Ligand code: GLY
């Protein structure tokens, strides 16, 4: 099988490495890729948001399967175009991708499916903002109603900060979603979904704030670990039965059945799981940790999902132990990351590239906010952390920063449901 992966982050690097170890995958292509991806796949250029550009490339490389990593092309309908060209595509239709692209649509689906989520209100004009803020908080949860790569979310006990963020979004023409705060540790559960067939992967936890102990602003994700030693037994089955299956069935009922990866972001409260958000694609950085433990052929799973035969696949197998990934971010990330700095010491095992580029002289330089995703695995979370941070210690990038506490709360038994 010839596989084309669309995207350029560490998530796509992780997908490509897992695909490369599937004996059923003969050739790998990635577009637009990055400097690290070039060592596992043939990198081509593409306009990932353009139907014509992705279909032309998929045809040119004779892809048997196209895997679309990021949400923007999915929300724009690129998967529909690839399928219309007769090529199998892992990724939902534009209609189904609204589960991520429109928070109002996601809320409506959850209400119809009887799935627990935060109470919310959309504010679309500054005149309604103050009254609406009075109906919420503290804590205030203020979200961009569109796609914002995680950075459109502010969770704060400070009303003025909540108001400033909402006012800025409205000024830029973005409707604002105000939500009640959901208590409890967060879980990211990725499920392969093919209509009403739902196959969960390992549960993971992201660390969204930029600094240790969850200090500072939200980011696209600073690190993740899997599995979750604190998650009560049976929780994954409960989430699948009470959250993901009803939502998948509701999407089928609406004529926009989901095909691809449905990512349920949940808060594990005292009364059970409640949905924080749905995403229509693999999460970043959780994918880097989850796929490090996958023992089944990934290409086979993705192809079966894309072609409507997921129900006939054996359940995914997982290696014992734990995996951690730690994101190395550029100076000033998440605000205005500096790029163009030289990276050294990264040519070692367990390093996935995100925002990197290669200069003509072969030097690898930073080219984005999240630059590398460094993985460690081990018999338990503590051993996985030791490996990840040991690898990170040998990498040099001027001005860079990373969290030192990825998975630490779980190791120290500080997370309880
Ligand atoms: N881990 C957050 C995201 O992928 O959106």
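The residue of region 254-283 that is surrounded by the fewest Cβ atoms within 10 Å (Cβ to Cβ), among those that are assigned to a loop (DSSP other than H, G, I, E, B), on the phi < 0 side of the Ramachandran plot and more than 12 Å from the ligand (Cβ to nearest atom), is 270.
Restricting 189, 202 to those that are part of a loop (DSSP other than H, G, I, E, B), within 15 Å of the ligand (Cβ to nearest atom) and under 30 Å from residue 407 (Cα atoms) reduces the list to 202. Just one of (1) surrounded by 12 or more Cβ atoms within 10 Å (Cβ to Cβ); (2) in contact with a helix residue (DSSP H, G or I) (Cβ under 9 Å, 6 or more places away or on another chain); (3) under 22 Å from residue 41 (Cα atoms) fails for residue 364. It is (2). Residues in region 323-330 include none that are surrounded by fewer than 20 Cβ atoms within 10 Å (Cβ to Cβ), touching a residue at least 12 places away in the same chain (Cβ under 8 Å), in contact with a helix residue (DSSP H, G or I) (Cβ under 7 Å, 6 or more places away or on another chain) and not in a loop (DSSP other than H, G, I, E, B). Counting only residues that are buried (at least 18 other Cβ atoms within 10 Å of the Cβ) and more than 25 Å from residue 196 (Cα to Cα), region 232-253 holds 0 of them. Considering (1) buried (at least 18 other Cβ atoms within 10 Å of the Cβ); (2) out of contact with any helix residue (DSSP H, G or I) (no Cβ under 7 Å at 6 or more places or on another chain); (3) farther than 20 Å from residue 68 by Cβ, the lone condition that residue 317 does not fulfil carries the number (1).
Close Cβ contacts (under 7 Å, 6 or more residues apart or on different chains) running from residues in region 1-12 that are touching a residue at least 12 places away in the same chain (Cβ under 8 Å) and within 12 Å of residue 44 (Cβ to Cβ) to residues that are within 16 Å of the ligand (Cβ to nearest atom) and assigned to a loop (DSSP other than H, G, I, E, B) comprise 5/69; 6/69.
Coordinate-derived values only; no laboratory data. Since the structure is predicted, the reported quantities are computational estimates derived from the model, not experimental observations. Because the Cβ atoms are built from the backbone with ideal geometry, glycine has one as well, and the counts that use them run over all protein chains shown.
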